[in-house]
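Derivation of every value follows stated rules applied to the coordinates shown; laboratory data play no part. Keep in mind it's a predicted model, so treat the numbers as computed, not measured. No Cβ is skipped: glycine too gets one built from the backbone with ideal geometry, and neighbour counts run over all protein chains shown.
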Amino acid sequence: MKILITGGAGFIGGALCRYYLNDTGHQVVNLDALTYAANPQINEEFSANPRYSFVQADLREPEALGQIFRDQQPDGVINLAAESHVDRSIDGPADFIQTNIVGTFNLLQAARAYYETLSDREKFKFLHVSTDEVYGSLAEEGFFREETPYQPNSPYSASKAASDHLVRAWHHTYALPTIISNCSNNYGPAQFPEKLIPLMILNALEGRSLPVYGDGLNVRDWLYVDDHARALALVFEKGRAGEKYNIGGHNEVKNIEVVETICRLLDELKPRPADGGYASLITYVKDRPGHDRRYAIDASKIERELGWRPRETFESGLKSTVEWYLANETWWRDLKQTAAQRLGTAGK
């Protein structure tokens, strides 16, 4: 099987490419625009694999997308290409509208035109990867379920909600076999350092402040990226067209507890030579506009129907992540020198 993965030079997309190439016999076509958050180094380990190919293209270019489908003849699509940082969406929402909404529309149209040329349509699927942020904010109790109404509160989550609706409509109107997945916060090695966990690790290692929004009590469910990659492959293979699947890590943690745990791990693995422990660097900053209070995923559907469960606990996954950044200083220092980042904010 040949799978077209959009956004495969990104954090989650790179992990998914790696899973397919290392753990299956499938072919992978990686379509990526190589924007600021892309990191082609993610793909270097398998760039010479004969089952892997890379195409640089932008979802905002419909003619290019149509040509890629005609040239590559994929058996399915997994769409991970997106602008994804909430702070950036607040400062500049236009890119999020163009990539996440218009880009998804262009991809759906290209996939639909290609799908209608196939003589054997049974195995073709279009998996759209989305976020739990489309559901809005939870109180202290309850979980996001597949039937939870959408209430996006940021330009980012609104753009992803709109793209979800387009994907659903293309299934019901045009019979394109689409599936939607909504995941919780991803983390793991090689994540772009504008997101919360890598931002805190790298700031701490450089002796910079660790900015925590508001009171730090906002809750997120954390999903290790390799667990997410396995889930996506399973949904693509066995998920039912027209369905949604929530993917969560069963790891609800307050933001301040995430930062404090990172500090404790660094105190153990690379103690500061002076000035006390890393926790002394924690500072509280003005809260982000429209900051959702709590996210929590009910992942019982994917567990019940497809047999998936996360392998990593938050503790084991976070320790592996911290160890990776300690062992790969050249990687993140080079990235910080070449990428336009928002290192002064507290990430997603």
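Projecting each Cα onto the charge dipole of the chain (Lys/Arg +1, Asp/Glu -1 at the beta carbon, about the Cα centre), which of Ala279, Tyr295, Gly10 comes out farthest on the positive side?
Final value for the positive-end residue is Gly10.
If we count every other residue with Cβ under 9 angstrom of Tyr224's Cβ, Lys/Arg +1 and Asp/Glu -1, where does the sum land?
It works out to a net charge of -2.
Please arrange Leu232, Leu118, Leu335, Leu318 by counting, for each residue, the other beta carbons lying within 10 Å of its beta carbon, fewest first.
Ordered from fewest to most neighbouring Cβ atoms within 10 Å, Leu232, Leu118, Leu335, Leu318 come out as Leu118, Leu335, Leu318, Leu232.
For the chain, which span is the longest to avoid every loop-located (per DSSP) member of GluC sites (Glu not before Pro) having at most 13 other Cβ atoms inside 10 Å?
207-348
What residues qualify as long-range amide H neighbours of Arg294, i.e. H under 5 Å apart, gap of 5 or more or another chain, H built at 1.01 Å from N?
For Arg294, the qualifying residues are Leu138, Val219.
Translational diffusion coefficient of the range 233-336 at 37 °C, 0.692 mPa s, Stokes-Einstein with Kirkwood Rh over Cα pairs, in µm²/s as a whole number.
Diffusion coefficient, whole number: 191 µm²/s.
Enumerate the amide H contacts of Tyr213 below 5 Å, restricted to partners 5 or more residues apart or on another chain; note that Pro and chain-start residues carry no placed amide H.
So Tyr213 has HN proximity to Val285.
With θ set to phi - 60° and the Karplus curve 6.51 cos²θ - 1.76 cosθ + 1.60, what are the ³J(HN,Hα) couplings of the range 248-259 in order, to the nearest whole Hz, using x for Gly and Pro?
My calculation for the range 248-259 gives x, x, 6, 9, 7, 9, 5, 4, 5, 5, 4, 5 Hz in order.
How far is helix 11-23 tilted, in degrees, relative to the longest principal axis of the Cα atoms in the chain, given as a value from 0 to 90 rounded to the nearest 10?
Once rounded, the angle reads 60 degrees.
What residues have an amide H closer than 5 Å to that of Leu127, excluding those fewer than 5 places away on the same chain, when H is modeled at 1.01 Å from N in the peptide plane?
So Leu127 has HN proximity to Val77, Ile78, Asn79, Ile179.
Once the convex hull of the alpha carbons of the range 206-255 is built, what does its volume come to per residue, in cubic angstrom?
Looking at the range 206-255, the number lands at 121 Å³ per residue.
Using Cβ counts within 10 Å as a stand-in for footprinting exposure, how do Cys263, Cys183 rank, fewest first?
By the 10 Å Cβ count, ascending: Cys263, Cys183.
What percentages make up the Cα-Cα pair-distance distribution of the range 67-160 when the bins are 10 Å wide from 0?
The distribution over the range 67-160 is 15, 36, 28, 17, 3, 0, given as percents.
Can you tell me the Rg and the Dmax, both Å, for the Cα atoms in the range 136-197?
According to the Cα coordinates of the range 136-197, Rg and Dmax are 14.6, 40 Å.
Could you work out the equivalent-ellipsoid semi-axes for the chain, taking the square root of 5 times each eigenvalue of the Cα gyration tensor, largest first, in whole Å?
Each semi-axis is √(5λ); the values are 33, 22, 19 Å.
³J(HN,Hα) across the range 173-189 via Karplus (A = 6.51, B = -1.76, C = 1.60, θ = phi - 60°), whole Hz, x for Gly/Pro?
8, 10, 6, 6, x, 9, 9, 10, 10, 10, 10, 8, 4, 8, 8, x, x
So how tilted is helix 62-72 from the main axis of the chain? Cα-based, degrees 0 to 90, rounded to 10.
70 degrees
Rank these for me by crowding, Arg304, Arg293, going from fewest to most other beta carbons within 10 Å.
Fewest-to-most Cβ neighbours within 10 Å comes out as Arg304, Arg293.
What percent does the relative contact order of the chain come to when contacts are Cα pairs within less than 8 Å and at least six residues apart?
Relative contact order here is 19 percent.
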